[in-house]
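Step one of this worksheet: look at the structure below.
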Amino acid sequence: MPTEAQAGAILTIDLGAIVANWRLLAERVRPARCAAVVKADAYGLGANQVAPALAAAGCRTFFVAHIAEAIALRPLLPGVAIAVLHGPPPSAEADFVAHGVTAVLNTPDQVARLAAHGRATGHACPAILHVDTGMNRLGLAAAEAAALADDPHRLSGLDVRAAMSHLACADDPGHPLNETQLGAFASARALFPRLPASLANSSGIFLGQGFHFDLVRPGAALYGVNPHRDQGNPMRAAVGLAAPILQVRRVDSSQTVGYGATARVPGGTRLATVAVGYADGYLRALGNRGTATVGGIGVPLVGRVSMDLATFDVSALPDDLARPGVAIDLIGPHHSIDALADEGGTIGYEILTALGRRYHRRYGGAAAAP
Ligand SMILES: *Cc1c(COP(=O)(O)O)cnc(C)c1O
């Protein structure tokens, strides 16, 4: 990681806010339990920092996507469950047992392979059965789940801990698929009546208690993304991104800015360039659409975003702020992840997971959490 002095921008990650967000959700779903989804390096914020902070706050179940993510986290998370959403790849069954990792089983083949491994070695592997209820991405079809329930021998060699499914439209409370999936999940659960159940992601938690079951699985909301589509954000912001101005120029006549000359500014415009570009996850789609702030004053992005640079119109700033070294806030209290995502035509999830490796990362706030 570059030092603060070397880096083009400083990424601030507030572990205290992430812990507070987890506590808020855990409180909201009680008596259900609250897991934490830390796949994709905790949505780009650093699973090695985020996951231990949440474990210290009392989180007992973590979800990742890949077995390699689980193996990397295992030594940092003693005594808690780590579940792998994608399940065991062929020939990787032994890794789950060796590292004490829970497998989410999505297909009859995954069930068969892990169960066979358990029977052959005498080590029953912890597992969660994933039943598809309308997402049509991963999970056992209803008929496959029913066949499994009819032939329990197929589960011997496994230590099945829960049944889960995943919502497709939870961020849209009025969407009819939410109730359809809830009904399908009730039918799937009836096949395995003794198993604890899990359905809700971040937005699913806000659909109401009927969606909570025994365990909820928030990711994005922990990191400050708004779980509601059209309402105020109940979560605390956890990320700031500030880039010091490299250069300021004042154009004395009408000129174009950047690659392709896609923007024209009038004479007298002051332009400030920062060392952040699409290679850092500052999306090229933000060209001529993004905004940022300096001391709360809006500064629009002008021209295309380059690989390593972006240019802002800082004409609205007082002279003492339109200077090299002054930080432009790309993400901060005046410009949320969701607002930046809107400008780039995407969602907060993609902004977070794209956050680059060239930023200096400053972690704070864990000690401040109660
Ligand atoms: C990513 C994921 C989650 C977390 O979703 P958020 O919308 O980030 O809360 C939960 N469950 C599954 C199966 C997922 O893939």
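The values are calculated or read from the model by the stated rules, or taken from the named source; none is laboratory data. Just so it is clear, the structure is predicted and the values come from calculations on it, not from any experiment. Don't worry about glycine lacking a Cβ; one is built from the backbone with ideal geometry, like all the others, and counts go over all protein chains shown. Protein only, heavy atoms only, side chains kept; ligands, DNA and RNA dropped before computing areas. Shrake-Rupley method; radii C 1.70, N 1.55, O 1.52, S 1.80 Å.
Would region 1-91 count as rounded, prolate or oblate if I go by the C-alpha gyration tensor, calling it rounded below 1.5 in a/c and otherwise prolate when a/b exceeds b/c, oblate otherwise?
Oblate is the answer for region 1-91, as a/c is 1.5 or above yet b/c matches or exceeds a/b.
Summing +1 for each Lys or Arg and -1 for each Asp or Glu, what net charge is found among the other residues whose Cβ lies under 15 Å from the Cβ of residue 342? Before the final figure, lay out the partial values.
Values: positive: 229, 289; negative: 171, 230, 338, 343, 350.
Neighbourhood net charge equals -3.
Say R0 is 51 Å: what FRET efficiency, to the nearest 0.05, do residue 297 and residue 141 get from their beta-carbon distance? Please list the in-between numbers first.
Working: r = 55 Å, r/R0 = 1.07.
Calculated value: 0.40.
Write down the accessible area per residue of region 8-53 in Å², having rolled a 1.4 Å probe over the full set of protein chains. Display every interim value, and only then the final one.
On the way: 1510 Å² over 46 residues.
Accessible area per residue: 33 Å².
As a check on your grasp of the helix formula, calculate [θ] at 222 nm for the chain: sum -39500 (n - 2.57) over DSSP H runs of n ≥ 4, divide by the residue count, round to the nearest 500. Could you put the intermediate results ahead of the total?
On the way: 11 runs with 101 residues, N = 370.
The helix-only estimate for the chain comes to -8000 deg cm²/dmol at 222 nm.
Within region 70-96, find all residues whose amide N lies under 13 Å from a label point positioned 7 Å from the Cα of residue 120 along Cα-to-beta-carbon.
90-95
Please find the FRET efficiency linking residue 247 to residue 363, where r is the Cβ-Cβ separation and R0 is fixed at 35 Å, and quote it to the nearest 0.05. Show your work: numbers first, answer last.
Working: r = 30 Å, r/R0 = 0.85.
Plugging the Cβ-Cβ distance into 1/(1 + (r/R0)^6) gives 0.75.
Residue separation times 0.36 nm, minus the C-alpha to C-alpha distance between residue 230 and residue 194: what's the value?
Numbers: separation 36, 0.36 × 36 = 12.96 nm, distance 3.72 nm.
Here the segment from residue 230 to residue 194 would lengthen by 9.2 nm.
How far apart, in nanometres, would the label points at residue 161 and residue 285 be if each is projected 7 angstrom from Cα along the Cα-to-Cβ direction?
3.5
Computing the accessible area with a 1.4 Å probe over protein heavy atoms, can you report the carbon and sulfur percentage for region 140-283? It would help to have the intermediate numbers written out before the result.
On the way: 3220 of 6380 Å².
So the carbon and sulfur contribution to the accessible surface is 50 percent.
Would you mind checking the tilt of helix 15-29 against the longest principal axis of the Cα atoms of the chain, expressed as 0 to 90 degrees and rounded to 10?
The answer is roughly 40 degrees.
Order 230, 41, 320 by their accessible area, 1.4 angstrom probe, all chains in place, largest first. Before the final figure, lay out the partial values.
On the way: 230 135, 41 55, 320 95 Å².
From most accessible down to least: 230, 320, 41.
For region 147-227, what does the relative contact order come out to in percent, with C-alpha contacts under 8 Å and a separation of six or more? Show your work: numbers first, answer last.
Details: 97 pairs, mean separation 21.5, N = 81.
Taking the mean separation of contacting Cα pairs over the length of region 147-227, I get 27 percent.
So, for region 133-261, what is the accessible surface per residue at a probe of 1.4 Å, expressed in square angstrom? Numbers along the way, then the final one.
Values: 6120 Å² over 129 residues.
Using a 1.4 Å probe on heavy atoms only, each residue of region 133-261 averages 47 Å².
What accessible area, in Å² to the nearest ten, does a 1.4 Å probe give for residue 1?
150
Need one value: the accessible area of residue 229 in square angstrom, 1.4 angstrom probe, rounded to the nearest 10.
Around 140 Å² of this residue is reachable by solvent.
Using 0.36 nm times the number of residues separating residue 76 and residue 4, minus their current alpha carbon distance, what extension gain do you get? Write down the numbers at each step before the final one.
Numbers: separation 72, 0.36 × 72 = 25.92 nm, distance 2.62 nm.
So the extension gain works out to 23.3 nm.
In region 164-261, with Lys and Arg counted as +1 and Asp and Glu as -1 at Cβ, which of these residues, 209, 239, 225, has the Cα nearest the positive end of the dipole, that is, farthest along it?
The Cα lying farthest towards the positive end belongs to 239.
On alpha carbon coordinates alone, what is the Rg over Rh value for the chain, Rh being the Kirkwood radius?
On the way: Rg = 23.6 Å, Rh = 22.3 Å.
Ratio value, two decimals: 1.06.
Name the long-range amide H neighbours of residue 292: under 5 Å, sequence gap of 5 or more, or other chain; modelled H, no Pro or chain starts.
When sequence neighbours closer than 5 places are left aside, the close amide H contacts are 299, 301.
Could you tell me the distance between the Cα centroids of region 56-77 and region 215-264, to the nearest Å?
Result: 29 Å between the Cα centres.
Expressed in nm to one decimal, what extension gain is obtained for the pair residue 65 and residue 264 from 0.36 nm per residue of sequence separation less their Cα-Cα distance? Write down the numbers at each step before the final one.
Numbers: separation 199, 0.36 × 199 = 71.64 nm, distance 4.47 nm.
Working it through step by step, the gained length comes to 67.2 nm.
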